[in-house]
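S.K.: First the structure, then my questions, so here it is.
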Amino acid sequence: MSTKIDGYKSLLARITVAQNVQFHRDAARQIDAPASQVNGIFPAFETYRSDADALDAEFDRKSKSIETDELALKDDRRDATTVQLISRIDYHARFPQNDTEKETVRILQFIADAYRDAPRKNYQAETSYLRNMIAELRKNEAGLELFDLTTLTNRLDRENTEFETLHASRANAKEARRESGTLGTLSDKVNESFGVLCQIVNGMLLMQQDDVTKSALEQIASLLNAQIHQYDVNYRHHAGVVAGKKKANEKNIEE
C-alpha cells in the first residue's frame, strides 16, 4: 500500500502564521506539476492554490508599509503646496503695488483665510477643503494671473487629486480585505483546503489507478510528507531553543 499523507494536522495547528504562509507557498509550488496530471485532484488543488495565494498576498501586504508611506508622502506634498500658495497670497496682501493689486488680493486673501487650516484637517476633510479652495480661487482667474499663482494652484489641484485617488483605492482595498478575511481566517481557510486535497490524494492512493496517475499521486504524497517532516523538525528545534532560553533566563533570575 502506498504511504499516505500524514502529520499535517498537528503541524499546521502548531506553527505560526508566518511559517504557515511559507509552508503552503512551498507545498503548492512543489506539487504543481504532478497535481496537473491527476484529473481527480486538480479542482481541489486549484482551490488550495487560490487560497494559498490569497494568504500569501495578505501576509505580504501586512509585512510592508509602502502604501501607507506613499499616502503620507502625497499628503506632505499637497500640504507644502498649500502653505506655499497661501504664503504667496499673504505676501501680496502685505505689499500691494497699486490699487488694482490691493483690491484683487483682498478677495484672494479672504479665500486663503477661509481655508488656512486645511493642512491640519484629517485626510478626507483636507481633500474636501482644498477642492473647495481651488474652486474659489479659480473664480478669480484674473487675480491668479496677476500674481502668477495659476501654476501653483494647478499643481495643488493635481496633488490633491492624486492623494484622493490613492486614498480611495486604499479604502477599496481595505474593504476587499475585510470581505476576504484577516490573516487568521485566511490561514484557517488554506489549512482546510489543504486538508481536503490530502484526503482526496489519500483516498485515491487506496484505489486502483493507471501507472501515470499512480506515479503522480505517490510523488505528491512523497513531496508533502517530506515537507511536513522537515517543518516538524524545524518547529521542534525552534521550540527547543526558545524553551532553553526561557529556562536559562529563569535560572539567572533565581540566582
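S.K.: Do we have any residue at all in segment 163-181 that's touching a Leu at 6+ places or on another chain (Cβ under 9 Å) and β-branched (Val, Ile, Thr)?
M.R.: Among the residues of segment 163-181, not one is touching a Leu at 6+ places or on another chain (Cβ under 9 Å) and β-branched (Val, Ile, Thr), which makes the answer no.
S.K.: Being surrounded by 14 or more Cβ atoms within 10 Å (Cβ to Cβ) and among the β-branched types (Val, Ile, Thr) is the filter here, so list the residues in segment 1-16 that pass it.
M.R.: If the condition is that a residue be surrounded by 14 or more Cβ atoms within 10 Å (Cβ to Cβ) and among the β-branched types (Val, Ile, Thr), then 5, 15 are the ones that fit.
S.K.: So residue 1 ticks every box in (1) at pLDDT below 90; (2) assigned to a helix (DSSP H, G or I) but one. Which box is left unticked?
M.R.: The number of the failed condition is (2).
S.K.: Among the numbered criteria (1) touching a Ser or Thr at 6+ places or on another chain (Cβ under 8 Å); (2) not assigned by TED's automatic domain parsing to the domain that holds residue 160, which single criterion is violated by residue 85?
M.R.: Residue 85 satisfies all of (1) touching a Ser or Thr at 6+ places or on another chain (Cβ under 8 Å); (2) not assigned by TED's automatic domain parsing to the domain that holds residue 160 except (2).
S.K.: Identify, by number, the condition in (1) surrounded by 20 or more Cβ atoms within 10 Å (Cβ to Cβ); (2) more than 30 Å from residue 218 (Cβ to Cβ); (3) within 34 Å of the chain's Cα centre (by Cα) that residue 23 doesn't meet.
M.R.: (2)
S.K.: Of the conditions (1) assigned by TED's automatic domain parsing to the domain that holds residue 187; (2) surrounded by fewer than 16 Cβ atoms within 10 Å (Cβ to Cβ); (3) not in a helix (DSSP H, G or I), residue 38 clears all except one; give me its number.
M.R.: Here residue 38 clears every test but (2).
S.K.: Now a separate question. All but one of (1) assigned to a helix (DSSP H, G or I); (2) more than 39 Å from the chain's Cα centre (by Cα) hold for residue 96; which doesn't?
M.R.: With respect to (1) assigned to a helix (DSSP H, G or I); (2) more than 39 Å from the chain's Cα centre (by Cα), residue 96 is out only on (1).
S.K.: Go through the residues of segment 68-84 one by one and say whether even a single one is over 30 Å from the mean Cα position of the chain (by Cα) and of a type outside the set (Val, Ile, Thr).
M.R.: Here is the first cut: in segment 68-84, the residues over 30 Å from the mean Cα position of the chain (by Cα) are 83-84.
From what's left, of a type outside the set (Val, Ile, Thr): 84.
Scanning segment 68-84, I find at least one residue that is over 30 Å from the mean Cα position of the chain (by Cα) and of a type outside the set (Val, Ile, Thr), so the answer is yes.
S.K.: Taking the stated definitions as given, is residue 111 farther than 19 Å from residue 80 by Cα, part of a helix (DSSP H, G or I), of a type in the set (Val, Ile, Thr) and touching a residue at least 24 places away in the same chain (Cβ under 8 Å)?
M.R.: When the stated conditions are applied, residue 111 does not pass them.
The values are calculated or read from the model by the stated rules, or taken from the named source; none is laboratory data. Here the structure is a predicted model, which means the values were calculated and not measured. FYI the Cβ positions are ideal-geometry reconstructions off the backbone, even for glycines, and counts take in every protein chain you see.
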